[in-house]
Each structure stands twice: as C-alpha cells, then as structure tokens.
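Asker: Okay, here's the structure, questions in a sec.
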Amino acid sequence: MSARRRLHLNAFLMEAGHHEAAWRLPDSNPRADFDLRHWIELARLAENAKFDSLFLADGPALIGTGEFRPPGQLEPLTLLTALSQATSRIGLIATVSSTYNEPYNLARRLASVDHVSGGRAGWNIVTSAGADEAANFGLDDRPGHAERYARADEFLKVAKALWDSWETEAVLADRATGRYADPARLHRLGHQGRYFKVAGPLNVERPPQGYPLLVQAGSSEDGKDFAARHAEAIFTAHTTYERAAAFYADIKARTRAAGRDPDGVIVLPGIVPYIGSTEEEARALARQFDELRVPEYGLRQLAAVFETEPSVFALDDPLPDFILARPKLEGSQSRSDLIIDLAVREQLTVRQIISRLGGGRGHFEFVGTPEQIADTIIAWFEGGAADGFNIMAPALPSGLAAFVEHVLPILRGKGLFREEYESTTLRGHYGLPVPANQFHG
Ligand SMILES: Cc1cc2nc3c(=O)[nH]c(=O)nc-3n(C[C@H](O)[C@H](O)[C@H](O)COP(=O)(O)O)c2cc1C
C-alpha cells in the first residue's frame, strides 16, 4: 500500500508579516527587514515545526515609494546563506529573476547555496512583471510577457546544463597520480541561443541535489506552460477552492502533456490565516490589521497591477470599465485576472478590494479557529486543489507561531504532516528525486 499522501508546508516569510500594515502592530519590529536575528528566529520557528521549506520573495527594485510599507530587503541568496548556517534541515527557497540575471552567474550562486546548505537550496523562477525593475537594468520598459517567458525557458536549459557540466564522478582528487579531476567528465556547453551564448563548464561542482529545487510562480497561460516544462513546485494564488482545483487539474494535465510525471510537480496555493480561539476573536484580529491600513498604499498597489494611475479609482465605486474589460497586460496577468474575478464575483467597491488585498495581495485569506483552518486545508488537499500550502502569516513571528501551535497539531493528529524530518535535503522533503545528469549516459 503506497505511503499516505502528506501535506507539504512552505513558510513564506516577509518582513513583519504579509499584511501591508503588519509593521505598525504594537509588538512588531518595524525594522525587521534588515535584522538578521528576526530572520533566524523565523527560520528556526519553521524548522522546529518541521516545515518542508521557507521562502523569500524578491524583486530587484524598491517596493513602491517606501512611504507606507518597508520597501527594501536583504538580497535573498545572501540571507539564505546566513540562514543555512542557523538551521540544518529546512529547505531554503528564494526568488531570483530570470529576466535580470545571467545563467552562468546565477547557476554558480545557486549551486553554492546548495553546497553550503548541504542540499537545501530552491529557486523560485520569476520573470519580474514590474516596470520599475526594468529601469534598474538599462531598460525603458520591461520585455513583453511572452518574451520574458521565452528567455526564462532558454535560461533554464542553460542553467541545467551548467549544473550537469560537472559529472559527480569528475573529481578524482588522486594525490598519487596528481590528477584532481577527469577532464572528460567536465563538459563544455558551447551553447548558442537566442538570448545566451555560454561556453561552460560551470566552475562549481554539481550541487548535492543535482539542481536546486525548481519553483515557479506565474499562473498565466505562458506561466503554466513554462511550469509544465520546468517546475517541480508551483506557488499560486487563488481566492476560492473552485479556482484552485481548476488550476490544479490544468497544471497536472499540462505537465503530463509535456511528458513529465504530474506527481513530480507539487502545487502550493497561498493561505493567509487569521487565527482566533473563537470566530469573533479571529475577526477582531483581522479588523485590527485592516484598521491600520493606509488606503493610499492599497490604491498604489492596485494601480501597479493594472499598470495605471491611482487617480483612475474612486474608493466607493467598482473597478473602472476599462479595467473590467480586461486589457492585455504585459505585467502580472494571472494576478490582475484574479482581482477582477474577485471584484465581479463579490460586487466589491475599490475600498473593499484594497481591504481584501491588504493581507495577502490576492492569496486566500481565512479568518477563523484552528479547527476551521485545518478543515479548510484538508478540504483543499483531499479535494484535488493542493499538494500543500504557502503559509503566509499576516504578522511575523506571531502569526506563524500561532499556526504552528494551534493548527499543526490538528494536521498531525490526522497523520497529514510529518512529526520529524525523514530527509536532509529540500528535494527529500518534497519527495522528489535528484535529476539525472544529461551528460552522464
Ligand atoms: C507565492 C508567490 C510568490 C511570488 N513571488 C514573487 C517574487 O518573489 N518576485 C516576483 O517578482 N514575483 C513573484 N510572484 C509573482 C509571479 O512571479 C508572477 O509575476 C505573477 O504570478 C504573474 O505571473 P503571470 O503573468 O505568469 O500570471 C509570486 C507569485 C506567487 C503566487
């Protein structure tokens, strides 16, 4: 009998919390972003709870103007390297842009994180949807949506070949003969493509995991096709079970059609849990966050998603018609669709929309007791909508600590989440194999 299917949990960490006003809470550390002790505390909290992994988001630009929310952050691979020395088992995933990096340098940085962490590195491959990022790399505007994914596709092919360019058996370290490595097992790529020309081999030995775990987070048509070809774990955002289940079935079908095992792709929707010992207490907690929001910030975020100006919105009106008409955007396609669907489905005004996006930018928000949150997680997991979840605590560390203390025991009680780590690598936690080396017959 096959082992019981287990939940995968990733701790999505973000400064003082995912709620845009979390830094204003009385017990929050408003300068958490640049405080390594804060991140070590979060990493250890997630590791002690036996989470599969933790995740650091990133974008190579200031987030907004910085006026109403902490806009900066430590560079994620640098921070992951520090966290790898403060932990020993938890997987370490970070976002790095495929649009504003080059394969050779990124392949060796990720390989190095995998080596120094003992096989715990993961890469969330994003194509960077924001116009402000392009301006930091000599561009007047970002490359088009399809173009970014085409570049990402070639980027992945080159990165995988670079990680494979050192066969595991290449190193001889033979003092007697003086031969350190077998040159026949170090492979030049001689890659010449549309976007990259890369000789290789890489100057870092093959990572312990073969490749860092490959994660992807774009849910558009281009995004899903890219994920079907390359992703091993998928981060996604959905506001209802039905949307999540439809996405899940679609991505598994595309993966199968791409000639890959659908079980080899782990789908993780995000959930923002507001936990209370009673429903009323949980609602009061959610209200506390909501009352700390600055609407101007929410309007700016909304305008950024729809590539327009905040002035087009009237707080007590629905979204303007030109937005409801779903203009083709070159930025974040699935997120804009999600917001329009939510607004239309629930007949929301702009004021209500920015309140709903304040906690998780469109991820599923749940306000309730630990039992209710556990039931919802189990319903999505057993109902074909998720293989696990991105836990996005509205405030950190308190929200993650509450989830660990009150919800995890329920999930463990039902045998759905590990008591102890059974593996030492990120791939091991996700039940995924070390990929074969394309150069090693
Ligand atoms: C859980 C999650 C995490 C994400 N993290 C990042 C990130 O760190 N940096 C980033 O630029 N985009 C991030 N994104 C956004 C995606 O990369 C992508 O831009 C967005 O989902 C739209 O993609 P699409 O145009 O293919 O639909 C994230 C999305 C999700 C669901």
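The values are calculated or read from the model by the stated rules, or taken from the named source; none is laboratory data. Every value quoted in this text rests on a predicted model; they were computed, and no experiment measured them. Here the Cβ is made from the backbone with ideal geometry for all residues, glycine too, and neighbour counts use every protein chain on show. When the accessible area is computed, the model is the full protein with side chains, heavy atoms only, and any ligands, DNA or RNA have been set aside. Shrake-Rupley method; radii C 1.70, N 1.55, O 1.52, S 1.80 Å.
Asker: Look at the stretch 122-150 and say how many of its residues are part of a loop (DSSP other than H, G, I, E, B) and within 13 Å of the ligand (Cβ to nearest atom). If you could, list the steps in order and put the result at the bottom.
Answerer: First pass over the stretch 122-150, keeping only residues part of a loop (DSSP other than H, G, I, E, B): 127-130, 138-144.
If we keep only those that are within 13 Å of the ligand (Cβ to nearest atom) as well, we get 127-130, 142-144.
Number of matching residues: 7.
Asker: Oh, and also: Do you know which residues across the stretch 164-186 are assigned to a strand (DSSP E or B) and aliphatic (A, V, I, L, M)? Spell out the reasoning first.
Answerer: Going residue by residue through the stretch 164-186, those that are assigned to a strand (DSSP E or B) are 166, 171-174, 179-181, 186.
Passing the criteria: V171, L172, A173, A181, L186.
Asker: Which condition does G119 not pass, out of (1) part of a helix (DSSP H, G or I); (2) more than 16 Å from the ligand (Cβ to nearest atom); (3) not aromatic (F, W, Y), if it passes all the others?
Answerer: (1)
Asker: Could you please let me know if S84 is over 16 Å from P397 (Cβ atoms), in contact (Cβ under 8 Å) with a residue 40 or more places away in the chain and assigned by TED's automatic domain parsing to the domain that holds P397? Steps first, answer last, please.
Answerer: Working: over 16 Å from P397 (Cβ atoms): yes; in contact (Cβ under 8 Å) with a residue 40 or more places away in the chain: no; assigned by TED's automatic domain parsing to the domain that holds P397: yes.
No; evaluated as a whole, the condition is false for this residue.
Asker: Still on this structure, I have one more. I'd like the residue in the stretch 274-303 that is within 23 Å of the chain's Cα centre (by Cα) and small (G, A, S) and, out of all such residues, is farthest from L400 (Cα to Cα).
Answerer: Looking at residues that are within 23 Å of the chain's Cα centre (by Cα) and small (G, A, S), I get A303.
Asker: Against the conditions (1) open to solvent by 40 Å² or more (accessible area, probe 1.4 Å); (2) closer than 29 Å to G144 by Cα; (3) of a type in the set (S, T, N, Q), where does N48 fall short? Just the number, please.
Answerer: Among (1) open to solvent by 40 Å² or more (accessible area, probe 1.4 Å); (2) closer than 29 Å to G144 by Cα; (3) of a type in the set (S, T, N, Q), the lone unmet condition for N48 is (2).
Asker: Is it the case, given these coordinates, that G210 is farther than 21 Å from A94 by Cα, in a loop (DSSP other than H, G, I, E, B), open to solvent by less than 20 Å² (accessible area, probe 1.4 Å) and touching a residue at least 24 places away in the same chain (Cβ under 8 Å)? So that I can check it myself, show each step before the final result.
Answerer: On the way: farther than 21 Å from A94 by Cα: no; in a loop (DSSP other than H, G, I, E, B): yes; open to solvent by less than 20 Å² (accessible area, probe 1.4 Å): yes; touching a residue at least 24 places away in the same chain (Cβ under 8 Å): yes.
Judged against the criteria, G210 is not a match.
Asker: How do the helices (runs of 4 or more DSSP H) wholly within the stretch 292-382 filter down when requiring 1 or more residues that are among the acidic types (D, E), away from the ligand (no atom under 16 Å from the Cβ) and open to solvent by 50 Å² or more (accessible area, probe 1.4 Å): which remain? Walk me through it before giving the result.
Answerer: Details: elements: 295-305, 321-324, 333-345, 350-357, 370-382.
Where helices (runs of 4 or more DSSP H) fall fully within the stretch 292-382 and carry at least 1 residues being among the acidic types (D, E), away from the ligand (no atom under 16 Å from the Cβ) and open to solvent by 50 Å² or more (accessible area, probe 1.4 Å), they are 295-305, 321-324, 370-382.
Asker: Which one of these does L7 not meet: (1) away from the ligand (no atom under 16 Å from the Cβ); (2) open to solvent by 10 Å² or more (accessible area, probe 1.4 Å)?
Answerer: That leaves (2) as the condition not met.
Asker: Exactly one of (1) within 16 Å of the ligand (Cβ to nearest atom); (2) touching a helix residue (DSSP H, G or I) at 6+ places or on another chain (Cβ under 8 Å); (3) among the small types (G, A, S); (4) open to solvent by 10 Å² or more (accessible area, probe 1.4 Å) is unmet by A227. Its number?
Answerer: Of the numbered conditions (1) within 16 Å of the ligand (Cβ to nearest atom); (2) touching a helix residue (DSSP H, G or I) at 6+ places or on another chain (Cβ under 8 Å); (3) among the small types (G, A, S); (4) open to solvent by 10 Å² or more (accessible area, probe 1.4 Å), the odd one out for A227 is (4).
Asker: All but one of (1) assigned by TED's automatic domain parsing to the domain that holds A111; (2) open to solvent by 60 Å² or more (accessible area, probe 1.4 Å) hold for R175, so report the exception by its number.
Answerer: Condition (1) is where R175 drops out.
Asker: Which numbered condition trips up I90, out of (1) farther than 25 Å from A286 by Cα; (2) in contact with a His (Cβ under 9 Å, 6 or more places away or on another chain); (3) open to solvent by 10 Å² or more (accessible area, probe 1.4 Å)?
Answerer: Going through (1) farther than 25 Å from A286 by Cα; (2) in contact with a His (Cβ under 9 Å, 6 or more places away or on another chain); (3) open to solvent by 10 Å² or more (accessible area, probe 1.4 Å) one by one, I90 breaks only (3).
Asker: Which residues, counting only those in the stretch 51-68, are open to solvent by 20 Å² or more (accessible area, probe 1.4 Å) and of a type in the set (S, T, Y)?
Answerer: T65
Asker: Within the stretch 395-433, can you find the residues that are closer than 27 Å to A231 by Cα and within 16 Å of the ligand (Cβ to nearest atom)?
Answerer: Passing the criteria: L400, Y430.
Asker: May I ask you to list the residues in the stretch 233-264 that are away from the ligand (no atom under 15 Å from the Cβ) and within 18 Å of L7 (Cα to Cα)?
Answerer: Once the filter is applied, which keeps residues that are away from the ligand (no atom under 15 Å from the Cβ) and within 18 Å of L7 (Cα to Cα), the stretch 233-264 yields Y241, A245, A249, K252, P262, D263, G264.
Asker: Then there is this: For E15, all conditions in the list (1) among the charged types (D, E, K, R); (2) within 14 Å of the ligand (Cβ to nearest atom); (3) open to solvent by 20 Å² or more (accessible area, probe 1.4 Å) hold save one; what is the number of the exception?
Answerer: If we test E15 against (1) among the charged types (D, E, K, R); (2) within 14 Å of the ligand (Cβ to nearest atom); (3) open to solvent by 20 Å² or more (accessible area, probe 1.4 Å), just (3) comes out false.
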